[in-house]
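What follows is a short report on a single structure.
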Amino acid sequence: MRTERFFVPSEWIALQAKAFSIPAGPLHKQIVQVLRMKSGNAISLLPNNGTEIECQITDITRNAITGTITKLKTISPIKPHVIVCAAITKRDTFEWMLQKCTELGASAFIPLHTDRTIKKTPEVHKRWSEIVKEASEQSGRSTIPAIAEPTTFAKALKATQTSARIVFHEEGEENKLPILQKTMDIAVFIGPEGGFSPEEIDLAKTNNVHIVKIGTLVMRAETAAIVACAKLLT
């Protein structure tokens, strides 16, 4: 039987005392009312620092779920460190992209406002953070990908200048990825529904960014992001 995994604040965990306490709130409700867990059940708690803490519930009250820590595991970080710089698309497709790229191992996301972005979003939606957290729990990750504040294509290029940068675009060389190492930080750029503008592609070329075409067919934006992560992380 699969052990349920939950990201929690580090202050809920007392490593020296080998104990934990989950106060009343959304997670308490999920464990008690949705999952109907009982005293004696095993859970894993994740403080989002690369460790997974195996625990056993010993007591459940209205105010808290408490228990003991049975084992602490350190999980190796996902490599390479892939930053998905993706143009914001329609709500359902962008959220689906966040979920699937998280499951594949993306380390961070930079939402982009590009020349052809239809709906510009000034800040990170709370729902985006929930999606990547739940996807991280489900997929066995020990850390949650960071989501940066939405920014422009030009600013994202500058922010990732120390990374190996790849723009996936139909003008690029087909399946011609640069030589990459597991130790690298890699930033992949995915355009909106209408693709990157000629001016944006020229800017990428000026900044010595690799332009690569994935396969022979034109993919939807969210599909391209998922295929890019799969190529780099699997």
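The values are calculated or read from the model by the stated rules, or taken from the named source; none is laboratory data. This structure is a prediction, so every number in the text was calculated from the model and none was measured. Please note: Cβ atoms are built from the backbone with ideal geometry, for glycine as well, and neighbour counts cover all protein chains shown.
Values computed for the structure shown
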quantity	calculated
Tally, over segment 149-195, of residues that are surrounded by fewer than 16 Cβ atoms within 10 Å (Cβ to Cβ), of a type in the set (S, T, N, Q) and assigned to a loop (DSSP other than H, G, I, E, B)	5
Any pair with Cβ under 7 angstrom, 6 or more apart, that starts in segment 210-230 at a residue that is free of Cβ contacts under 8 Å to residues at least 12 places away in the same chain and ends at one that is β-branched (Val, Ile, Thr) and surrounded by fewer than 20 Cβ atoms within 10 Å (Cβ to Cβ)	Met219/Val227
Identity of the residue in segment 91-119, more than 15 Å from the chain's Cα centre (by Cα) and without any contact (Cβ under 8 Å) to a residue 40 or more places away in the chain, that ends up surrounded by the most Cβ atoms within 10 Å (Cβ to Cβ)	Arg91
Any hit, segment 145-155, residues being outside the structural domain of Gly50 (by TED's automatic domain parsing), farther than 30 Å from Arg5 by Cβ and of a type in the set (Asp, Glu)	no
Filtered residue count, segment 196-234, keeping only those that are among the small types (Gly, Ala, Ser), crowded, with 17+ Cβ neighbours inside 10 Å and modelled with pLDDT under 90	0
Matching residues, segment 138-148, being assigned to a strand (DSSP E or B) and in contact with a helix residue (DSSP H, G or I) (Cβ under 8 Å, 6 or more places away or on another chain)	Ile147
Conditions (1) touching a His at 6+ places or on another chain (Cβ under 7 Å); (2) surrounded by fewer than 18 Cβ atoms within 10 Å (Cβ to Cβ); number of the one not met by Glu123	(1)
So Lys133, is it of a type in the set (Lys, Arg) and surrounded by 13 or more Cβ atoms within 10 Å (Cβ to Cβ)	yes
